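*Asks:* Handing you this structure, nothing more for now.
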Amino acid sequence: MSDMLAARAHQGATELRLERVPVPEPGARDVLIKVASAGIAPGMMKLLERGRFKHLPSTPGHEIAGVVVAAGREADASLVGRRVRVHPMLSCGDCVYCRTDRQQLCAETAMIGHAAFGTGKLELYARYHDGGLAEYARAPDWLVDPLPDNVNFDVGAKVHDLANAVRALKCAAIPEPGRLVITAATGTMGTASILLARFYGARRLVLVARSRERLEALRPLAGDLPVELVALDELAPDWAGSQGLTRRLRELLPGGADAVLDYFPGGPGTMQALRALALGGTLVHMGGNATPLSMTVAEAMQMCWKIVGTRACTRSDTDAVLELLASGRLNADALITHHFPLAEVNRALQVMLDRSEPIWMAVVHPQGAD
């Protein structure tokens, strides 16, 4: 076992390259994982273009699940042979953010197999920048979580996205009567949020996305929660300039939404969903929308609105997901709609980017697993 197949990111490249590279050697506190499933996210290539991958060439893939096949001399030897997932968030572990369940704000914040976000020395990232789009991956043993027996590798790889949704739902702190709007509902974060909403105070859902056909497919994810749909394609052609989304949400929720989980990546939808909030409502944004908000601070003050920006998740969020999965109260199998072999990783990324077909979550199988 001297070398392996990996998808590699290179400076200036617009696609990943399949290459033979050495199997990583586990250090003293590391484990070596035979990767069964690796999640993919379309934002990865955008971050690569923006220079957020600080060590190139490297192997992307921050969502990793597989079997531990070796452990370093100081690592937890009981992990060998275990089915695991990797928590990709690297942080110092000692600062005020790390000590208060906000590791994503640490100056050392970076992600295994992904981008660097912190402003510190990023020494952990220098060692662990390679990720899971390969036959084997190395990770520190303190970031490895055993998978419950009833959780398959595909869902294990996507625990991170499920936990991102948990973070957004926690930030929303949905009060009674639990009226929740989810925008960009047909995407990865939207579908994860629908599945988890009932555990975090939601009692009624309004789902917003472009296509009614794709929205209709989401209904089973909500379980027994009442669901209403808003298809942007069915609004008046000038909805973006005439507050058409706000009006439609207000028709469905005359008292306003108690919370909005906003995943719009751009455009006026965020502001219009904000104006559909009830008194004291909260909008949580995790979509990266760069469109300015067209409102005064006084308006937010008068309405007692809370606008919360958040990104990524913490170990408490992934712990919550793993507990729900282990208990059987949560089954996320239906969220995995697409599977690709490692040889088709670029096609997988393109399918996620152009969304030419309905897709919720996708995984790559470096070992050719089902």
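*Asks:* Select, from V345, V363, the only residue that is in a helix (DSSP H, G or I) and crowded, with 22+ Cβ neighbours inside 10 Å.
*Replies:* None of the others qualify; the one that does is V345.
*Asks:* Restricting to the stretch 6-38, give me the number of residues that are open to solvent by 50 Å² or more (accessible area, probe 1.4 Å), in a loop (DSSP other than H, G, I, E, B) and touching a Gly at 6+ places or on another chain (Cβ under 8 Å).
*Replies:* Result for the stretch 6-38: 1.
*Asks:* With the structure loaded, tell me whether D149 is of a type in the set (D, E, K, R) and either within 22 Å of the chain's Cα centre (by Cα) or surrounded by 15 or more Cβ atoms within 10 Å (Cβ to Cβ) (or both) or whether it fails that test. Walk me through how you get there before you give the answer.
*Replies:* On the way: of a type in the set (D, E, K, R): yes; either within 22 Å of the chain's Cα centre (by Cα) or surrounded by 15 or more Cβ atoms within 10 Å (Cβ to Cβ) (or both): no.
No.
*Asks:* Within the stretch 141-169, track down each residue that is of a type in the set (A, V, I, L, M), out of contact with any Asp or Glu (no Cβ under 7 Å at 6 or more places or on another chain) and part of a helix (DSSP H, G or I). Write out each step before concluding.
*Replies:* At the first step, the residues of the stretch 141-169 found to be of a type in the set (A, V, I, L, M) are 143-144, 147, 151, 155, 157, 159, 162-163, 165-166, 168-169.
Add one more test, that the residue is out of contact with any Asp or Glu (no Cβ under 7 Å at 6 or more places or on another chain), and what stays is 143-144, 147, 151, 159, 162, 165, 168-169.
Result: L143, V159, L162, A165, A168, L169.
*Asks:* Could you count how many residues in the stretch 240-254 are outside any helix (DSSP H, G or I), surrounded by fewer than 19 Cβ atoms within 10 Å (Cβ to Cβ) and hydrophobic (A, V, I, L, M, F, W, C)?
*Replies:* Applying the first criterion (outside any helix (DSSP H, G or I)) to the stretch 240-254 yields 243, 253-254.
After this cut, where a residue has to be surrounded by fewer than 19 Cβ atoms within 10 Å (Cβ to Cβ) as well, the list is 243, 254.
Now drop any that are not hydrophobic (A, V, I, L, M, F, W, C), which leaves none.
Total meeting the criteria: 0.
*Asks:* May I ask you to list the residues in the stretch 127-140 that are open to solvent by 20 Å² or more (accessible area, probe 1.4 Å), touching a Gly at 6+ places or on another chain (Cβ under 9 Å) and either among the charged types (D, E, K, R) or assigned to a helix (DSSP H, G or I) (or both)?
*Replies:* At the first step, the residues of the stretch 127-140 found to be open to solvent by 20 Å² or more (accessible area, probe 1.4 Å) are 127, 129-130, 135-136, 138.
The next check asks that each one be touching a Gly at 6+ places or on another chain (Cβ under 9 Å); those that pass are 127, 129-130, 136, 138.
Passing the criteria: R127, D130, R138.
*Asks:* Filter the stretch 81-122 for residues that are small (G, A, S), open to solvent by less than 50 Å² (accessible area, probe 1.4 Å) and in a loop (DSSP other than H, G, I, E, B) and give the result. Steps first, answer last, please.
*Replies:* Going residue by residue through the stretch 81-122, those that are small (G, A, S) are 81, 91, 93, 107, 110, 113, 115-116, 118, 120.
Now drop any that are not open to solvent by less than 50 Å² (accessible area, probe 1.4 Å), which leaves 91, 93, 107, 110, 113, 115-116, 118, 120.
Correct list: S91, G93, A107, G113, A115, G118, G120.
*Asks:* Additional query: Look through the stretch 294-314, keep the residues that are open to solvent by less than 30 Å² (accessible area, probe 1.4 Å) and out of contact with any His (no Cβ under 7 Å at 6 or more places or on another chain), and return whichever of them is nearest to T100 (Cα to Cα).
*Replies:* Keep residues of the stretch 294-314 that are open to solvent by less than 30 Å² (accessible area, probe 1.4 Å), which gives 300, 305, 310, 312-314.
Filter once more, so that each one left must be out of contact with any His (no Cβ under 7 Å at 6 or more places or on another chain): 300, 305, 310, 312, 314.
Details: A300: 28, W305: 25, T310: 15, A312: 15, T314: 10 Å.
Out of the qualifying residues, it is T314.
*Asks:* Check G51 against each of (1) of a type outside the set (S, T, Y); (2) free of Cβ contacts under 8 Å to residues at least 40 places away in the same chain; (3) open to solvent by 50 Å² or more (accessible area, probe 1.4 Å) and name the one condition it does not meet.
*Replies:* (3)
*Asks:* Condition test on V86, is it under 30 Å from G287 (Cβ atoms), modelled with pLDDT of 95 or more and β-branched (V, I, T)? Quick ask: steps written out before the conclusion?
*Replies:* Working: under 30 Å from G287 (Cβ atoms): yes; modelled with pLDDT of 95 or more: yes; β-branched (V, I, T): yes.
Taking the combined requirement at face value, the residue satisfies it.
*Asks:* Kindly list the number of the only condition in (1) basic (K, R); (2) farther than 15 Å from D258 by Cβ; (3) out of contact with any Pro (no Cβ under 8 Å at 6 or more places or on another chain) that fails for R198.
*Replies:* (2)
*Asks:* State all residues of the stretch 260-293 that are aliphatic (A, V, I, L, M), open to solvent by 10 Å² or more (accessible area, probe 1.4 Å) and assigned to a loop (DSSP other than H, G, I, E, B); if no residue qualifies, say none. Lay out the reasoning, then the answer.
*Replies:* Residues of the stretch 260-293 aliphatic (A, V, I, L, M): 260-261, 271, 273-274, 276-279, 283-284, 286, 290, 293.
Adding the requirement that they be open to solvent by 10 Å² or more (accessible area, probe 1.4 Å) leaves 271, 279, 286, 290, 293.
Within the stretch 260-293, M286, A290, L293 qualify.
*Asks:* Listed residues A70, A41, A75; which is surrounded by fewer than 24 Cβ atoms within 10 Å (Cβ to Cβ), within 22 Å of L122 (Cα to Cα) and hydrophobic (A, V, I, L, M, F, W, C)? Show your work before the answer.
*Replies:* Details: A70 fails: within 22 Å of L122 (Cα to Cα); A41 fails: within 22 Å of L122 (Cα to Cα).
Going through A70, A41, A75 in turn, just one is surrounded by fewer than 24 Cβ atoms within 10 Å (Cβ to Cβ), within 22 Å of L122 (Cα to Cα) and hydrophobic (A, V, I, L, M, F, W, C): A75.
The values are calculated or read from the model by the stated rules, or taken from the named source; none is laboratory data. The structure presented is a predicted model; accordingly, all values stated were derived computationally and were not measured. Cβ atoms come from the backbone with ideal geometry, glycine included; neighbour counts cover every protein chain shown. We work out accessible area using only protein heavy atoms, side chains counted, and drop any ligands, DNA or RNA first. Shrake-Rupley method; radii C 1.70, N 1.55, O 1.52, S 1.80 Å.
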